[in-house]
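Note sheet for the following structure.
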Amino acid sequence: PPHPIQATQSQPRQCATQPIPSILPVYGAVMNINRGNPGKFEVVVDSWPDFGAVLARQSGEVAGGDMPVDDCYRNMHGAFYRDVGAYRALLETPGCLPRPSSSSSPQPRSGAGNPLQPPPPADPRRRLDPDIRVGSVSPAHVDLLNETWTYGGNARSRRYLAEVLSRFPSICLQDGTGQPICWVLTDPFGTGAHGYTLPTHRRRGHMQAAMVLAARRAQARGFPTFGHTATGNLPMQRLQEELGHQRLPGLCHFVLHNPSLGRAGP
């Protein structure tokens, strides 16, 4: 059976003996667990201490609550494996997934993200308009984020974003009225995510400032800085490279695991 284990500081160090990019989603989840576990996650391995596959998932109590079985926003898993066979066997083991569900799992073997080097020493806020203020995204602005998110716009994505905003750090640039114009969130895996600038405020250096500030705050908390960018979002890719991101070979895949997909019927 899978082995739920308590996350300790020894786990990141042991995983870190592997190539860093391949462990980032699990590494970030474990660091969040060690810092109060705001996402209510747990770590499952195929064996301990000599594991071949690791899965970071929401705890059984959370996943077994009111979460719909096919909610691929909130029921997300982060995976690291040394051997794909061990990973497959872990997923197929009864009890590994809290219940038959549809979940998204980053496949770090094919590119977990883009580690960010230490940001430049200049304070990016000096280049912003004097009326711009730096803060955090309020849960009161969840509708704005949900409406502007390419993969959102529905009730489940709204609830997911509301949980992210209430549990994890974010950076937000606000106009003179206090309304968000640019933001970067952090997800349960420590990933820099959901970066967005309102169209009327683009080409003014807002995203660059937000990303640098978010990176500094993450590094001050001991977190690596990494993220995923859509393949067609070339402006964001160029900005990330300008800031010191290292482009990884291959792509990061999100895979749906749902046993019901293999059954006959409508």
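Does any residue of region 132-140 turn out to be part of a helix (DSSP H, G or I), surrounded by fewer than 17 Cβ atoms within 10 Å (Cβ to Cβ) and of a type outside the set (A, V, I, L, M)? I'd like the intermediate steps shown before the answer.
Step one: list which residues in region 132-140 are part of a helix (DSSP H, G or I), which gives 139-140.
With the extra rule that they be surrounded by fewer than 17 Cβ atoms within 10 Å (Cβ to Cβ), the set shrinks to 139-140.
Imposing the further condition that a residue be of a type outside the set (A, V, I, L, M) reduces the set to 139.
Among the residues of region 132-140, at least one is part of a helix (DSSP H, G or I), surrounded by fewer than 17 Cβ atoms within 10 Å (Cβ to Cβ) and of a type outside the set (A, V, I, L, M), which makes the answer yes.
Is it the case that Gly39 is at pLDDT 80 or above and either surrounded by 22 or more Cβ atoms within 10 Å (Cβ to Cβ) or farther than 18 Å from Thr93 by Cβ (or both)? For Gly39, the condition - at pLDDT 80 or above and either surrounded by 22 or more Cβ atoms within 10 Å (Cβ to Cβ) or farther than 18 Å from Thr93 by Cβ (or both) - is met.
Just one of (1) open to solvent by 30 Å² or more (accessible area, probe 1.4 Å); (2) closer than 17 Å to Val26 by Cβ; (3) not acidic (Asp, Glu) fails for Phe226. It is (1). Tell me whether region 177-186 contains one or more residues that are touching a residue at least 40 places away in the same chain (Cβ under 8 Å) and under 20 Å from Gly78 (Cα atoms). Yes, there is a match, as at least one residue in region 177-186 is touching a residue at least 40 places away in the same chain (Cβ under 8 Å) and under 20 Å from Gly78 (Cα atoms). State whether the residues of region 160-171 include one that is open to solvent by 50 Å² or more (accessible area, probe 1.4 Å), within 27 Å of Lys40 (Cβ to Cβ), assigned to a loop (DSSP other than H, G, I, E, B) and without any contact (Cβ under 8 Å) to a residue 24 or more places away in the chain. No. Of the residues making up region 157-208, those that are farther than 17 Å from Asp143 by Cα and among the small types (Gly, Ala, Ser) are Gly176, Gly190, Gly192, Gly205.
Residues that are open to solvent by 30 Å² or more (accessible area, probe 1.4 Å), within 24 Å of Tyr27 (Cα to Cα) and in a loop (DSSP other than H, G, I, E, B) do not occur anywhere in region 233-242.
The values are calculated or read from the model by the stated rules, or taken from the named source; none is laboratory data. Since the structure is predicted, the reported quantities are computational estimates derived from the model, not experimental observations. Here Cβ is always computed from backbone atoms with ideal geometry, including for glycine, and neighbour counts include all displayed protein chains. Calculation scope for accessible area: heavy atoms of the full protein, side chains included, ligands and nucleic acids excluded. Shrake-Rupley method; radii C 1.70, N 1.55, O 1.52, S 1.80 Å.
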